[in-house]
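Below is one structure, written out as structure tokens, with a few remarks after it.
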Amino acid sequence: MNVFHGRGGRHLEMTNGGTAVFVDVLVLAVSALAREMWDFRFAALLTLQDQNVMGRGVVGFALADLDWGDTPQERAAAKDFLLRVLDLALSRHRWEELTYEPARAEGYLRTYRALVEEFDPANAPEAKARGRGLPGPHEAATASCVRHRVLDALPFWEGCVFCTEGVSAMTGTSGGPAR
């Protein structure tokens, strides 16, 4: 099981397959919206949730561990970005390109959106001091996978979450989902 923590002990717990679907639909959305450095750092964090590389059952993160920024404006912008990513994913952005129906994705996204909505980033500024949270600016996911048109995992490894599946989950490529 993989766990994404909110505040006050609330969390989203998913199976390995559910986590893979959750990450797939979030990567599609974050790739469309990322514009600022925080956005690309969050995209890099999503690439680190790729169980095909990191291992099954060992991914997840806590909202309190993210570096939300130093000022109230930075923290508000970061939270707004994450909510917009979740809203875009909930609109089924590019889901028609998946070769599988992400059946439980909407429920996972709604649950996670509620966790983000109630989370106050002002209570988590010490994450940066602890050396935890988002990948650093030099590790931001700014490269794009040409084949799948999403942000990829460079500099951590070559390829995006769809490339690392071994069998691609995107329409127009070989195979189906490796779930």
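The values are calculated or read from the model by the stated rules, or taken from the named source; none is laboratory data. On a predicted model such as this, the values are computed, not experimentally measured, just so you know. A quick note on method: Cβ atoms are made from the backbone with ideal geometry, for glycine too, and the neighbour counts reach across all protein chains shown. The protein model used for the area step is the full one, side chains on, heavy atoms only, and it has no ligands, DNA or RNA in it. Shrake-Rupley method; radii C 1.70, N 1.55, O 1.52, S 1.80 Å.
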When you scan the stretch 13-22, do you find a residue that is part of a loop (DSSP other than H, G, I, E, B), farther than 20 Å from Pro135 by Cα and free of Cβ contacts under 8 Å to residues at least 24 places away in the same chain, even just one? yes
Counting only residues that are open to solvent by less than 20 Å² (accessible area, probe 1.4 Å) and either assigned to a helix (DSSP H, G or I) or touching a residue at least 60 places away in the same chain (Cβ under 8 Å) (or both), how many does the stretch 56-66 have? 2
Residue hits (the stretch 67-97; open to solvent by less than 10 Å² (accessible area, probe 1.4 Å) and under 22 Å from Val21 (Cβ atoms)) are Phe81, Leu82, Val85, Leu86, Ala89
Taking first residues from the stretch 103-118 that are open to solvent by 50 Å² or more (accessible area, probe 1.4 Å) and second residues anywhere that are among the aliphatic types (A, V, I, L, M) and not in a helix (DSSP H, G or I), the pairs with Cβ under 7 Å that are 6 or more apart or on different chains are Thr111/Leu12
Top-ranked residue of the stretch 147-166 - restricted to ones that are under 15 Å from Glu97 (Cβ atoms) and open to solvent by 50 Å² or more (accessible area, probe 1.4 Å), ranked as modelled with the highest pLDDT: Arg147
